[in-house]
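None of the figures in this text is laboratory data; all of them are computed from the coordinates on show. None of the values given here were measured: they were computed from a predicted structure. Neighbour counts are summed over all protein chains in view; Cβ atoms, including those assigned to glycine, are modelled from backbone coordinates with ideal geometry.
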Amino acid sequence: MRVLIIGSGGREHALAWAIAKSPRLNKLYIAPGNPGTAQLGENVPLRATDIPGIVSFALEHKIDLVVPGPEAPLVAGIADALAAAGIPCCGPSAAAAQLEGSKKFTKEVAEAAHIPTAAWASFTHALEAHEYIEAVGAPIVIKADGLAAGKGVVVAETPEEAHEAITAIMEDKVHGAAGALVVIEQCLVGEEISVFALCDGEDAVYLGVAADHKRVGENDTGPNTGGMGAISPPPWATQPVLDATMDKIIRPALREMARRGTPFRGFLFAGLMVEHDGPKLIEFNVRFGDPECETLLPLLDSDILPALVAATNGTLAGVKLAWRNAASATVVMCAKGYPGAYATGSEIYGLEEAGELPGATIFHAGTMADQGGILANGGRVLAVNAIGKDLKEAISRAYAAVDRLDWEDGFCRRDIGKRAL
């Protein structure tokens, strides 16, 4: 098979790493890719959102399967454009991708499908949002309706923080058009997990559970980021919780999307809060998570490519995936200043030595190659993964790999997985 992966981050490196192992693969392309993916396939100088360019490339190179990584091209309709050209794509249509493209849409689907979730209201006028906050108080959650690169959610502990979030999102437009509408939610209390499923419109196959670490600072302090690290499996993700997630959240969502005439295909990511009475939906995303993808794929003991094909052509019902009896931890290395302004261009040393440690794999996220060296070229720059017999060993191995890296302008959280231990 000839496969094209769309994207340039750690998630796409992990997808390329997994797909490259398949005996069914003949040729792998990544657009635009990064120095890590270049060691597994051929990078193509196309932006992830250049839909006409990607369709033309796929036709010219007789691509058998396109696997989009990030959400933006999915929400923009890349799967629809590829389908119109007769090219299989493991991802949802633009209509189905509204599960991530609009927080309000997700809430409406959850209500129609009787999916347990937080009480909510939506607003297009800042004054009404401010009045609602005064009426309900805090803690409360403020969400920009559209895509905001993982930074559009504010958990406000006080009414003052909630008002500030409304002012920033709706009046100052810090997230642009994504904040023209806001969803305000009841603040759920419990343990947060991310559950993944591969879907073909009707059926879903469980694809792992992880706990992400969103905030930039230790002990979950500071602003939200795209993700500072992840572990799998988190101890609070018990089998009854996972069973309830598939039966009461994932499958009802698939049935409702099919009922609406917009069947969901591809990776479905359920962000959940585990409360005393079971899991409740925080949000859906329509792609693999990052850094959850780098955390879960090293645990997969099956060839992923046939499963991706089955999700694309509606034959997932007979697919069984095998998983290693192990644990996984990922530590994200970031450029100093992230998630605010950060510098690029500093060189990273020790990548080969770190990747040779037991159980370790280094995934490139925001890097570029320069005269034989690897330079930082983003906010989240590396995802350092390790697997071990249990979480304690996996976390220890991941930090041992981090400590082999020599990067003056980099930093990471030193408490990934600490609460789980």
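Can you tell me the length gained on complete extension of the stretch GLN239 to LYS418, counting 0.36 nm per residue apart and subtracting the Cα distance?
Length gained between GLN239 and LYS418: 62.3 nm.
Can you tell me how much longer the chain between ARG259 and GLU275 gets when fully stretched, taken as 0.36 nm per residue apart minus their C-alpha distance, in nm with one decimal?
That pair, ARG259 and GLU275, stretches by 2.9 nm at full extension.
Applying a 10 Å radius around every beta-carbon, put 60-71, 381-392, 167-178 in order of their mean neighbour count, most first.
381-392, 60-71, 167-178
Express the relative contact order of the chain as a whole percentage, based on alpha carbon pairs under 8 Å and six or more residues apart in sequence.
That works out to 16 percent.
May I have the extent of the alpha carbons of the stretch 327-411 along their three principal axes, as whole Å values ordered from largest to smallest?
37, 29, 17
As a test of the definition: which semi-axes, in Å, follow for the stretch 119-186 when you take the square root of five times each eigenvalue of its alpha carbon gyration tensor? Largest first, please.
Over the Cα atoms of the stretch 119-186, the semi-axes work out to 17, 12, 11 Å.
Using a 7 Å offset from the Cα along the Cα-to-Cβ direction at both GLU352 and GLU164, what is the distance between the two label points in nm, to one decimal?
4.8
So what's the gap between the Cα centers of the stretch 234-255 and the stretch 1-41, to the nearest angstrom?
Taking the Cα centre of the stretch 1-41 as reference, the centre of the stretch 234-255 is 30 Å away.
Ranking GLU128, GLU408 by Cβ neighbours within 10 Å, fewest first, what do you get?
In order of increasing Cβ crowding within 10 Å: GLU408, GLU128.
Could you list SER56, SER93 so that the one with the fewest beta carbons within 10 Å of its beta carbon is first and the one with the most is last?
SER56, SER93
May I ask you to derive the relative contact order of the stretch 225-338, considering only C-alpha pairs under 8 Å and at least 6 residues apart, and to give it as an integer percent?
34
Counting pairs of alpha carbon atoms under 8 Å apart in space and at least six apart in sequence, what relative contact order in percent does the stretch 304-421 give?
33
Between ALA85 and ASP390, what is the label-point separation in nm under the 7 Å Cα-to-beta-carbon projection?
Rounded to a tenth, the inter-label distance reads 5.1 nm.
How would you order 31-40, 353-362 from highest to lowest mean count of nearby Cβ atoms within 10 Å?
Result, highest mean Cβ count within 10 Å first: 31-40, 353-362.
Could you work out the percent of alpha carbon pairs in the stretch 377-420 separated by over 18 Å, rounded to a whole number?
Looking at the stretch 377-420, the distances longer than 18 Å represent 29 percent of pairs.
Give me the three principal axis extents of the stretch 191-318 from the C-alpha atoms, as integers in angstrom, largest value leading.
43, 32, 26
If you place +1 on the Cβ of every Lys and Arg and -1 on the Cβ of every Asp and Glu, how big does the dipole about the Cα centre of the stretch 2-89 come out, in debye to the nearest 20?
Computed about the Cα centre, the dipole is about 300 debye.
For labels at VAL189 and ASP172 in the simple 7 Å Cα→Cβ model, what's the distance in nm?
My value for the distance between the label points is 2.9 nm.
If you stretched the chain out fully between SER56 and ASP406, how much longer would it get, using 0.36 nm times the residue separation minus the C-alpha to C-alpha distance?
Stretched out fully, the SER56 to ASP406 stretch lengthens by 121.9 nm.
Going highest first, how would you order 188-201, 210-223 by mean Cβ packing within 10 Å?
Ranked by mean Cβ neighbours within 10 Å, highest first: 188-201, 210-223.
Could you list PHE269, PHE363 so that the one with the fewest beta carbons within 10 Å of its beta carbon is first and the one with the most is last?
Placing the least packed residue first, the sequence is PHE269, PHE363.
Please tell me which of these pairs span more than 28 angstrom C-alpha to C-alpha: LYS27/LYS214; LYS103/LYS336; LYS214/LYS248; LYS27/LYS320; LYS173/LYS336; LYS248/LYS389?
Pairs exceeding 28 Å: LYS27/LYS214; LYS103/LYS336; LYS248/LYS389.
If you compute Rg and Dmax of the Cα atoms in Å for the structure shown, which of (1) 22.6, 73; (2) 20.2, 67; (3) 20.5, 60 do you land on?
For Rg and Dmax of the Cα atoms in Å, the calculated option is (3).
Quick check: Cα centre of the stretch 107-176 to Cα centre of the stretch 304-375, how many Å?
Here the answer is 32 Å between Cα centres.
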